[in-house]
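Engineer: Take this structure first; my questions come after.
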Amino acid sequence: MSTQGVSATDWLAGARPRTLSLALAPVVLGAGSAQWAGAFDVVLFLLCVVVAVALQIGVNYANDYSDGIRGTDAMRVGPARLTGSGRVEPNKVKRAALSAFAVAVLAGVSLVLLSQLWLFLVIGALALVAAWFYTGGRRPYGYQGLGEVVVFVFFGLVATMGTASVMVGSIPAETWLTGSAAGFFASAVLLVNNIRDLEQDAQVGKKTLAVRLGDRPSRILLVVVLLMPYVILGILSLVFIWAPVVFVTGIMTVVIIVIVLTARTPKELITALGLMSLNAVVYALGLGAAIAF
């Protein structure tokens, strides 16, 4: 195994840049609440962005490493991973993950010092544990069908509420809803990814939620998860007058649902995966602006 021939572009692909929108979405929503409360702070916002993006990149490299050394990426349908493809030594990918986590820690500690919200040290530590043990450790929870739940909590509720609270000093009520919306989008992306890899994961004993439920029930659940942000949007529209405008993003959601329900091969779901990531950030930008102004 050698890194010869591995370029910066390969490392960038290993960071899975399309998933970074899922890290940005809850931060944007939390910032919208902070602006509405008259407490938006650009420095704190940028630090939140760094924490979220660095944590997402760290998770992606950590998954690449852990799945790669277990051999569960050997038959994957999507883009080849750095470790699983044999192009990069596992320890190098592991170091990339730890480096990204270190950046998240530095930015997170800075946030705590500036906001004086010391509880976030504990929350940050839990986020790091969740990031590593998704596919790492002896009993990774991602192999037990719990990935979607944990993603909902940390890349939805925690990220949205955390962003708002470091600026406002408390948790705005609407972030329970906006954080849930972000969490549903993040869970949907993970679920469609696992539906795509269902057969391969089942063969190697990776019991994701999709493997446990089966193909058709997983697709039905995915449709429900994709619709939930719009149920939430309907509730928020009773308070924020510009929120109904965000329903226009539902057009993209309908397209995604059609793809999900009609796709016959795993590769067709890759298109839905990319659209979901885009849908999440467009929805967040629209709703964040509706709340802020």
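Engineer: Restricting attention to segment 197-207, does a residue exist that is in contact with a Leu (Cβ under 6 Å, 6 or more places away or on another chain) and in contact (Cβ under 8 Å) with a residue 24 or more places away in the chain?
Structural biologist: no
Engineer: Could you go through segment 183-198 and let me know if any residue there is in contact with a helix residue (DSSP H, G or I) (Cβ under 9 Å, 6 or more places away or on another chain) and surrounded by fewer than 17 Cβ atoms within 10 Å (Cβ to Cβ).
Structural biologist: No: zero hits.
Engineer: Identify all residues within segment 25-53 that are more than 18 Å from the chain's Cα centre (by Cα) and either on the phi > 0 side of the Ramachandran plot or crowded, with 24+ Cβ neighbours inside 10 Å (or both); write none if there are none.
Structural biologist: Those that are more than 18 Å from the chain's Cα centre (by Cα) and either on the phi > 0 side of the Ramachandran plot or crowded, with 24+ Cβ neighbours inside 10 Å (or both): Gly32, Ser33, Ala34, Gly38.
Engineer: When you check Thr271 against the structure, is it assigned to a helix (DSSP H, G or I) and crowded, with 18+ Cβ neighbours inside 10 Å, yes or no? First the steps, then the outcome.
Structural biologist: Numbers: assigned to a helix (DSSP H, G or I): yes; crowded, with 18+ Cβ neighbours inside 10 Å: no.
No.
Engineer: State which residue pairs qualify: first residue on the phi < 0 side of the Ramachandran plot and inside segment 213-229, second residue basic (Lys, Arg) in any location, beta carbons under 9 Å apart, and separation of 6 or more residues or different chains.
Structural biologist: Hits for this filter: Ser218/Arg212.
Engineer: OK, next. Please work out which residue is nearest to Arg70 (Cα to Cα), limiting yourself to segment 160-183 and to residues that are among the aliphatic types (A, V, I, L, M) and part of a loop (DSSP other than H, G, I, E, B).
Structural biologist: Ranking the candidates gives Ile171 first.
Engineer: What number of residues in segment 240-282 are more than 22 Å from Ser218 (Cβ to Cβ), touching a helix residue (DSSP H, G or I) at 6+ places or on another chain (Cβ under 9 Å) and not small (Gly, Ala, Ser)?
Structural biologist: Going through segment 240-282 one residue at a time, the tally reaches 11.
Engineer: When segment 208-227 is examined, which residues are found to be over 15 Å from Ile257 (Cβ atoms) and under 18 Å from the mean Cα position of the chain (by Cα)?
Structural biologist: Thr208, Leu209, Ala210
Engineer: Right, something else. How many of the residues in segment 32-43 are assigned to a helix (DSSP H, G or I) and touching a residue at least 60 places away in the same chain (Cβ under 8 Å)?
Structural biologist: So the answer is 6.
Engineer: Another question, then. Could you please let me know if Ile259 is in contact with a Gly (Cβ under 7 Å, 6 or more places away or on another chain) and within 24 Å of Gly214 (Cβ to Cβ)?
Structural biologist: It is false that Ile259 is in contact with a Gly (Cβ under 7 Å, 6 or more places away or on another chain) and within 24 Å of Gly214 (Cβ to Cβ).
Engineer: Have a look at Leu46, Leu29, Leu22 and point out the one that is hydrophobic (A, V, I, L, M, F, W, C), under 21 Å from Phe154 (Cα atoms) and without any contact (Cβ under 8 Å) to a residue 24 or more places away in the chain.
Structural biologist: Answer to the check: Leu46.
Engineer: Go through segment 106-125 and give me each residue that's under 18 Å from the mean Cα position of the chain (by Cα) and either in contact (Cβ under 8 Å) with a residue 24 or more places away in the chain or surrounded by 16 or more Cβ atoms within 10 Å (Cβ to Cβ) (or both).
Structural biologist: The first filter runs over segment 106-125 and keeps only residues under 18 Å from the mean Cα position of the chain (by Cα), leaving 108, 123-125.
Gly108, Ile123, Gly124, listed by residue number.
Engineer: Does Leu233 count as assigned to a helix (DSSP H, G or I) and either of a type in the set (Asp, Glu) or buried (at least 16 other Cβ atoms within 10 Å of the Cβ) (or both)?
Structural biologist: Yes, satisfied.
Engineer: Within segment 129-159, how many residues are assigned to a helix (DSSP H, G or I) and either more than 22 Å from Thr175 (Cβ to Cβ) or touching an Asp or Glu at 6+ places or on another chain (Cβ under 6 Å) (or both)?
Structural biologist: Qualifying residue count, segment 129-159: 7.
Bear in mind that the values in this text are calculations on the coordinates, not laboratory data. All of these numbers come straight from a predicted model, not from anything done at the bench. Note that each Cβ is placed from the backbone with ideal geometry, even for glycine, and that neighbours are counted across all protein chains shown.
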